[in-house]
Amino acid sequence: MKKISPVSPKRLALAATILFTIALAILLTRTATLRQAYRFEQQRSAPLDTKVSLTGSSDAPLISSSKTLLREPSSSPIVAHKISRNEKSVSRSKAERDDVAKTASTERERDLEGTEEEEARPDQPDEAERWRLLQMVDENGQIPERALLNAWEHARQMPFESSAWPVENQQSKLRSNDSISIENVAGIQPSGWTWLGPGNIGGRIRSIVISPANPQTIWIGSVAGGIWKSTDGGASWSPLNDFMANLAVSSLAIDRTNPNVLYAGTGEGFNNSDAIRGAGIFKTTDGGATWTQLASTANSNWFAVNRIAINPNDSNIILAATSTGIWRSANGGVPANQISWTQVSTTRMLDIDFNPADGSKCIASGTNGAGAFYSTNGGATWTAATGVNTSGRIEVAYSRSNPTVVYASANNNSGEVYRSSDGGQTYALVSTGKNYLGGQGWYDNIIWVDPTDSNTIIVGGIDLWRGTYDSTAGSVTLTQISRWQSAPPFGSGSSISAHADQHMIIESPQYNGTTNKTVFFGDDGGIFRASDVSSVAQTSGWTTLNNGFGATQFYGGAGNPTSGRIVGGTQDNGTVRYSGGTNTWNTPFGGDGGWCAADPIDPNYFYGEYVDLQIHRSTNGGLSSSYIYNGITDAGSGSTANFIAPFIIDPNNPNTLLAGGAHLWRSTNVKAATPTWASIKDTTGSNISTIAVAKGNSDIIWVGYNNGDVYYTTNASSDTPTWTRADLGSPNLPNRFCERIVIDPTNAARVYVTFGGFTSGNVWRTNDSGVNWTDITSNLPQAPVYAFAVWQQNPNFLYAGTEVGIFASADGGQTWSTSNDGPTNCSVDDLFWMNNTLVAVTHGRGMFSIALAQPSTAQLSQSAYTVGEANGNIAVAVTRTDSTTTASVDYATSDTAGLNPCTLFNGVASSRCDYATTVGTLQFAVGESAKTIFIPIVNDSYAEGNERFTLTLSNPTGLTLGTPSTATITISDNDPATSSNPIVGVPFFVRQQYIDFLGREPDPVGFQGWQNIMNNCPQSGKDAQGNFCDRIEISADFFKSPEFQSRGSFVFRFYPVALGRNPNYAEFMPDLAKASGFLTDAQLEANKVAFVQEFMTRPEFQTKYGSLTDAAFRSAVIQTSGIDPGIAFPQGTMTRAQFLRAFVESTAVYNKFYNQSFVVMQYFGYLRRDPDALYTSWITTMNQTGDYRTMINGFLNSSEYFLRFGP
């Protein structure tokens, strides 16, 4: 048969006339948005009169509180005002910190000299809560109304996907989808998660109630760990409600006529920030087994419910002191969703109570000039009391033995006590100058009156003081009865005291002042008991009841995988250590803790920090710890380091520690007696919030900032590394708090970055070191993502710690699954690995661990195969070790032949000549443990010797790659000498059309049918009806077939439509494979949906459309395609993927690109390469004449095509 070139001379001349170069230019002009992020360090220099929004307006109030962000001013007006990014809003100046913090200065000087540190240290609650707020706001410094509830509701609707949690014997159960009434969880031990504790450290408590019918039954409300219950007088505790684990439960009230009825008020409104965590009032009628939110309180008026009081004579009447005023209900006995409220005062209130004997009389108190109030009509109306200083927070308490006596503790002059003898209408000052509030009475301020003696009181601030009223002198004498420095673990044996920061005092229902003098105290360290309140002293008479009360608020954690020891930094309770027992944690360092690090090799070395980057080190396995931050000039200052500042140990060198303040600091001798520090990155104007080092390459370091900036370096070992900004890639990353950066341990170019804020787009991934970014937030709730982890055993397994629990992805972030138990709903602030055990560090429920089962592995059956050239194909088996879940793995053939001619014999097989390019994805269903890959082999006629190519597995999902994952395949030549070309044979020709155009082997019926047509075709090339039946027509029929048009052509059209260009050969063949093969209609449809979704995640697509609105996206696609916008195109409510597919499948698009795809497929199918410059001449021919037969003849009978198979 005569062989001709693909293009005739005539067409070559035509091509020379009309040839043009198709230039595809993707303009990457990105104008960086102004980085006015919510900068913590800048906020510390703002005016003191900064206020925040207090209403539930459309402006999406940030919080619900009238207290200024720094102190309590003497003025009382409430100003609605959004937090400006240039105003101080989440911190106060160092000069305004707790007076008690001054005691740390001498200790700090001593510690810098290397002295071991085991003493207590002051915590800083105001800084802590402003720090928390910084991570919750969006770019505009706001949090949407109901943000937390919306995120939680989203989370609980998410199904549990077992493949994302590969735990042995894991139950495949769904997340509860019931109403907000949640069944009691008896404990927090699920099938996969293990609670590590601490059960002896505690956490902040603002509310305690005791059953009047059974004094052994106690309920406590923690501000970040939910509601807990004890039925043995505090000897053990169990959490009651899963959702409330993420709420500040600041108040509890019990119906004394029916102790099974309790009300829980949420939102800590005693300072500003925690009000965002409130969700109104919840009610239980079964002692706490189930809780129901009062529907009438599910709005912004109820962001902070500070106290609740129940009328002693009529339990239907309830009063609530909130940050929006006093609310009164007269129908508390009806079902929770029917309880209604009337606002009877618009003045912010912190405390409220009924006269214990007369429900018509009540008292209340507020802050910021609000003062104290009384009511004589059951709380319907209120009158301001006189005689009490109103400049700060006031707490009030009735005397039960004589309710005409009322005491008030006022935050003035560091603590003043007032007494009223007329039921709280007028007051007289009876004590001042004792400094019992310690300068932070806005935060911790409580007063209690002995129920049997109206002259005995206890007041609490940082510590507790007992007072006796002398009626003759008209004054109260106060004696200190607790010493926070001696609280556990710093005190020991019988010489212990209550923790710092007092919030609640309540006596036993059996208290009689003689045989029973038991009183309970709630503070930042949990719950304590004085069995004889009349004799308890600073370091005697105290008992801690944190027996399994696991409400510790952690910021960070780290563990040594060999010893199993863990350290964690907490709010209020220092840096604590776990050594194997939930109730035996110890505290090597007091005050507030933060980030932690553990030497992965030497179990003696642990690292923690006190606030503002004051790093300390333990060299004895966490028994004690000493400061090592001398030389970090940013440390110790709230303006040059975050309250909780990041530091990490280099995963490749445990002698190196990196710490972030305004600068990035590095010590390369961190185990030395006195480590040295050097700055390796200058300040940018914002503080560093997170740091990451690539595993296996210490030269690669990434840092994130409070304002959302992200930088990386690839020469970190240099004294002056070069830094590249990465957040301005394509598209830009958000301009809000950068929570965490994690580098894939198996691929340093793949980096994950997470952000704060109750908004979308909080998890991003780059596969090319920040050039392009993909939002993989997917179906995660709109909540801050504080922590992130990648499982090295299977890097497609991702874990995200959020404000509403922990979530996992088994597919690289395409979809996310909730954990079915464990740290659900509560804030997960950190995640770290101990071998294959993932530890979740929560802010309110302690720590949890889950041992992930070794992932199922997928591997080839052998590492080398041999196939005879005449065999037709080779079958390669892929097996997996576990078939209990769904899984997938990609496969692809490859070689190094390139475009070398098939006449080059060098032992290298070519996909153009010797075998068919074979790519695809193996999908394992549950129960399937093996799959087979079929690779077509070309039985050419060359005597070429044995030739080799490679088959590789990649991108596993739901499993990891085993060994071998790559195999060498040798084609054994069967030709002793080169012979005639096999393409002239009918069976060979027909089979090649299947392979080249449909990407599969022939099916028996079709294979025989096409052969029959060719064998019976007359020499004229036309059948009896005048239809062409020759090779040209048969080859054309493969292109025109419904199978190719619905698959190959379908895939092709996405490129010119969305990207404005044709695909290249290397892109198209894998895409074609995704829609090829023997598929059912359902399988084909699923593959098409998956292809469209994946296509839209590609960097080129995201660069072009990622930042557009939906309307702009549609317009841009239509413009890119070149389709007349006047032509009808898909309308209606559609996702972007649905619109794009409908548009691609539209008649207008199909017709426009039919010839284009026809021509391109001549190159891809026949020549197995990209089009050359003559492509345009064929397009012109097709557009002008539609003469596809001439075009096919040019390719089908070309020398290049013929030489693929033989001479």
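Read through the list (1) modelled with pLDDT of 95 or more; (2) within 50 Å of the chain's Cα centre (by Cα); (3) crowded, with 22+ Cβ neighbours inside 10 Å; (4) at negative phi, then give the number of the only condition that Gly379 fails. Result: Gly379 fails condition (4) only.
Residues Pro745, Pro731: which one is within 19 Å of Pro855 (Cβ to Cβ) and surrounded by fewer than 24 Cβ atoms within 10 Å (Cβ to Cβ)? Lay out the reasoning, then the answer.
Numbers: Pro731 fails: within 19 Å of Pro855 (Cβ to Cβ).
Going through Pro745, Pro731 in turn, just one is within 19 Å of Pro855 (Cβ to Cβ) and surrounded by fewer than 24 Cβ atoms within 10 Å (Cβ to Cβ): Pro745.
If you go through the stretch 280-294 and keep only what is within 18 Å of Ile326 (Cα to Cα), within 29 Å of the chain's Cα centre (by Cα) and part of a loop (DSSP other than H, G, I, E, B), you end up with just Gly280.
Only a single criterion out of (1) at pLDDT below 90; (2) within 26 Å of Trp773 (Cβ to Cβ); (3) surrounded by fewer than 16 Cβ atoms within 10 Å (Cβ to Cβ) is not satisfied by Lys1074, namely (3). Inside the stretch 295-321, residues that are under 24 Å from Leu240 (Cα atoms) and within 33 Å of the chain's Cα centre (by Cα) make up a count of 11. A search for C-beta distances below 9 Å between a residue of the stretch 718-738 that is within 19 Å of Ile700 (Cβ to Cβ) and any residue that is of a type in the set (Gly, Ala, Ser) and not in a loop (DSSP other than H, G, I, E, B), counting only pairs 6+ apart in sequence or on different chains, returns Asp719/Ala678; Asp727/Gly704; Cys738/Ser689; Cys738/Gly704. Apart from one condition, Thr932 fits all of (1) surrounded by fewer than 19 Cβ atoms within 10 Å (Cβ to Cβ); (2) part of a loop (DSSP other than H, G, I, E, B); (3) polar (S, T, N, Q); the exception is (2).
Can you tell me which residue in the stretch 706-717 is farthest from Gln135 (Cα to Cα), limited to those that are in contact (Cβ under 8 Å) with a residue 60 or more places away in the chain and not acidic (Asp, Glu)? Give the derivation first.
Filtering the stretch 706-717 down to residues in contact (Cβ under 8 Å) with a residue 60 or more places away in the chain leaves 706-710.
Cutting the leftovers down to not acidic (Asp, Glu) gives us 706-708, 710.
Numbers: Asn706: 9, Asn707: 10, Gly708: 11, Val710: 16 Å.
So, considering only residues that are in contact (Cβ under 8 Å) with a residue 60 or more places away in the chain and not acidic (Asp, Glu), the one farthest from Gln135 (Cα to Cα) is Val710.
Yes or no: Gln792 surrounded by fewer than 23 Cβ atoms within 10 Å (Cβ to Cβ) and under 18 Å from Thr1097 (Cα atoms)? Here the answer is no, as Gln792 does not meet what is asked. Scanning the stretch 1028-1074 for residues that are part of a helix (DSSP H, G or I) and among the hydroxyl-bearing types (Ser, Thr, Tyr) yields Ser1035, Ser1049, Tyr1055, Tyr1065. Looking across the stretch 687-709, the residues that are part of a loop (DSSP other than H, G, I, E, B), of a type outside the set (Asp, Glu) and surrounded by 22 or more Cβ atoms within 10 Å (Cβ to Cβ) come down to Asn687, Asn706, Asn707, Gly708. Residues that are of a type outside the set (Lys, Arg), touching a residue at least 24 places away in the same chain (Cβ under 8 Å) and touching a helix residue (DSSP H, G or I) at 6+ places or on another chain (Cβ under 6 Å) number at least 2 in the following helices (runs of 4 or more DSSP H) confined to the stretch 1138-1207: 1154-1161, 1175-1185, 1188-1196, 1199-1202.
Can you list the strands (runs of 3 or more DSSP E) found entirely within the stretch 821-923 that contain at least 1 residues being under 28 Å from Ile806 (Cβ atoms) and at pLDDT below 90? Break it down into steps so the answer makes sense when it comes.
Numbers: elements: 828-834, 837-842, 847-851, 857-860, 864-868, 873-880, 887-894.
The strands (runs of 3 or more DSSP E) meeting that bar are 847-851, 857-860, 887-894.
If only one of Ser375, Ser409 is under 25 Å from Lys434 (Cβ atoms), small (Gly, Ala, Ser) and assigned by TED's automatic domain parsing to the domain that holds Ser296, which one is it? Let's see the steps before the verdict.
Details: Ser375 fails: under 25 Å from Lys434 (Cβ atoms).
Just a single option satisfies the conditions, and that option is Ser409.
Scanning the stretch 560-573 for residues that are buried (at least 24 other Cβ atoms within 10 Å of the Cβ) and within 14 Å of Ser618 (Cα to Cα) yields Ile566, Val567, Gly568, Gly569. Of all residues being surrounded by 24 or more Cβ atoms within 10 Å (Cβ to Cβ) and of a type in the set (A, V, I, L, M, F, W, C) in the stretch 589-602, which is modelled with the lowest pLDDT? Just the residue, please. Within the stretch 589-602, the match that is modelled with the lowest pLDDT is Phe589. Only one of the numbered conditions (1) farther than 25 Å from Ala295 by Cβ; (2) surrounded by 24 or more Cβ atoms within 10 Å (Cβ to Cβ) is violated by Val249, and that is (1). Quick check on my filter: what residues within the stretch 766-787 are in a loop (DSSP other than H, G, I, E, B), within 9 Å of the chain's Cα centre (by Cα) and over 18 Å from Ala810 (Cα atoms)? Selection gives Ala783, Pro784. Selection within the stretch 802-818: residues that are surrounded by 24 or more Cβ atoms within 10 Å (Cβ to Cβ) and of a type outside the set (A, V, I, L, M, F, W, C). The member of this set that is farthest from Asn150 (Cα to Cα) is Ser809.
Considering (1) of a type outside the set (A, V, I, L, M, F, W, C); (2) surrounded by fewer than 24 Cβ atoms within 10 Å (Cβ to Cβ); (3) in contact (Cβ under 8 Å) with a residue 40 or more places away in the chain, the lone condition that Asn368 does not fulfil carries the number (2). Is it true that Asn735 is in a loop (DSSP other than H, G, I, E, B), farther than 26 Å from Gly141 by Cβ, out of contact with any helix residue (DSSP H, G or I) (no Cβ under 8 Å at 6 or more places or on another chain) and polar (S, T, N, Q)? No. Determine whether the stretch 884-893 contains at least one residue that is closer than 14 Å to Arg1168 by Cβ and either in contact with a strand residue (DSSP E or B) (Cβ under 6 Å, 6 or more places away or on another chain) or of a type in the set (A, V, I, L, M) (or both). Checking the stretch 884-893: at least one residue is closer than 14 Å to Arg1168 by Cβ and either in contact with a strand residue (DSSP E or B) (Cβ under 6 Å, 6 or more places away or on another chain) or of a type in the set (A, V, I, L, M) (or both). Scanning the stretch 1119-1133 for residues that are within 18 Å of Phe1095 (Cβ to Cβ) and modelled with pLDDT under 85 yields one hit, Pro1130.
Quick check, is Asn586 on the phi < 0 side of the Ramachandran plot, surrounded by fewer than 17 Cβ atoms within 10 Å (Cβ to Cβ) and not aliphatic (A, V, I, L, M)? If you could, list the steps in order and put the result at the bottom.
On the way: on the phi < 0 side of the Ramachandran plot: yes; surrounded by fewer than 17 Cβ atoms within 10 Å (Cβ to Cβ): no; not aliphatic (A, V, I, L, M): yes.
When the stated conditions are applied, Asn586 does not pass them.
Every condition in (1) farther than 21 Å from Phe303 by Cβ; (2) outside any strand (DSSP E or B) is met by Ala224 except one, and the failing one is (1).
Of everything listed in (1) within 26 Å of Glu1001 (Cβ to Cβ); (2) in a loop (DSSP other than H, G, I, E, B); (3) free of Cβ contacts under 8 Å to residues at least 12 places away in the same chain, the single unmet condition for Gln1025 is (1). Within the stretch 1168-1187, restricting attention to residues that are over 17 Å from Phe1153 (Cβ atoms) and of a type in the set (A, V, I, L, M), the residue that is surrounded by the most Cβ atoms within 10 Å (Cβ to Cβ) is Leu1174.
The values are calculated or read from the model by the stated rules, or taken from the named source; none is laboratory data. Predicted, not measured: the structure shown is a model, and the values here were computed from it. Neighbour counts run over all protein chains shown; Cβ positions are idealised from the backbone, glycine included.
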